[in-house]
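Beneath this line is the structure, given in structure tokens, with notes to follow.
The values are calculated or read from the model by the stated rules, or taken from the named source; none is laboratory data. Nothing here was measured: the structure is a model prediction, and the numbers come from that model. All Cβ positions, even for glycine, are placed from backbone atoms using ideal geometry, and neighbour counts span all protein chains on display. Accessible surface is based on the protein model in full, side chains and every heavy atom, while ligands, DNA and RNA are left aside. Shrake-Rupley method; radii C 1.70, N 1.55, O 1.52, S 1.80 Å.
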Amino acid sequence: MFRRQLLAAALGTALLIAPFTVAQAWESEVEALKQRWEQITTLRAEGQRRHSLKTLSDEAERLVQANPGEAQPLIWYGIIEASHARERSGLGALGSARSARDALERAIEIDPQGGNGSAYVTLGALYDRAPGRPVGFGNSATAERMFQRALQIRPDGIDVNYYYATFLEDEGRRDEAREHAQRAVDGTAREDRQASDEALREQARALLSQL
């Protein structure tokens, strides 16, 4: 009887610990993906990122498959695959862009905040840059809606203000583009995305000098 009580107690403790252990496992894997993405996108020159981003995207996709129903793996798969799309060309780029879009939209269904706005920023850039129908899914109205949603969540974000500024410049709305480029220059870099945010701040300064 005493042994059975000990076993029951041990099993009960294991059940309490197990969800936390699983959660910690995928969270640490997401953090590792994020750090490697930062290194690839900020330290490597354009044209030298494609293979590394493909490898990273494959790893992120496996993490999504192993953790169905979790928003963060989906968000980071979407961000990485969107970066991979920028390094590709033709139908391959469009295929990666679609995969990124689908993952991010699924993530938003799970987490309406979209990972503190990150999902909305990337979706805005995807809808802005993809070709329009019938070839692609690009849509300027949807892009702006995504950027506006990100701004509601994180109004001082360097990333959202920079990408929204480039969108506004392309739309010929130079005064608004100038405002958001300045907000990107003055924005707050995130502790966990410092390298990429600071790189975008420099791009915002360059954009501001042209407006």
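Before moving on, here are some points about what is shown:
- In this rough spin-label picture, where each label sits 7 Å from Cα along the Cβ direction, the D58-S140 distance is 3.9 nm.
- Cα long-axis angle, helix 118-129 against the chain (0 to 90 degrees, to the nearest 10): 40 degrees
- Binned Cα-Cα distances of segment 23-92, short to long, each 10 Å bin given as a whole percent: 22, 52, 23, 3
- Per-residue 3J(HN,Hα) values for segment 102-107, derived from phi via the Karplus relation 6.51 cos²θ - 1.76 cosθ + 1.60 with θ = phi - 60°, read 4, 5, 5, 5, 5, 4 Hz in sequence order (x marks Gly and Pro).
- Computed over protein heavy atoms with a 1.4 Å probe, the carbon and sulfur contribution to the accessible area of segment 44-137 reaches 46%.
- Maximal additional length on extending the S89-I110 stretch stands at 4.5 nm, based on 0.36 nm per residue less the C-alpha distance.
- Evaluating kT/(6 pi eta Rh) at 20 °C and 1.002 mPa s, with the Kirkwood radius of segment 102-174 over Cα pairs in the Stokes-Einstein relation, gives 176 µm² s⁻¹.
- Converting phi to 3J(HN,Hα) with the Karplus coefficients 6.51, -1.76 and 1.60 and the offset θ = phi - 60°, segment 191-208 yields 4, 8, 9, 4, 5, 5, 5, 5, 5, 5, 4, 5, 5, 5, 4, 5, 5, 4 Hz in sequence order, with x at every glycine or proline.
- Relative contact order for segment 51-203, counting Cα pairs under 8 Å that sit 6 or more residues apart, in percent: 15 percent
- Computed from Cα positions, the angle between helix 140-153 and the longest principal axis of the chain comes to roughly 60 degrees.
- When exposed loop sites are taken as trypsin sites (Lys or Arg not before Pro) in a DSSP loop with at most 16 other Cβ atoms within 10 Å, the longest stretch of the chain clear of them is 89-172.
- Difference of contour (0.36 nm per residue) and Cα-Cα distance, Q210 to D170: 13.1 nm
- Computed extension gain for H51 through E31, at 0.36 nm per residue and net of the alpha carbon distance, reaches 5.2 nm.
- Residue-averaged 222 nm ellipticity for the chain, from DSSP H runs of 4+ at -39500 (n - 2.57), nearest 500: -26500 deg cm²/dmol
- At q = 0.10, 0.19, 0.21 Å⁻¹, base-10 log of I(q)/I(0) for segment 69-211 (Debye sum, equal scatterers on each alpha carbon): -0.31, -1.14, -1.34
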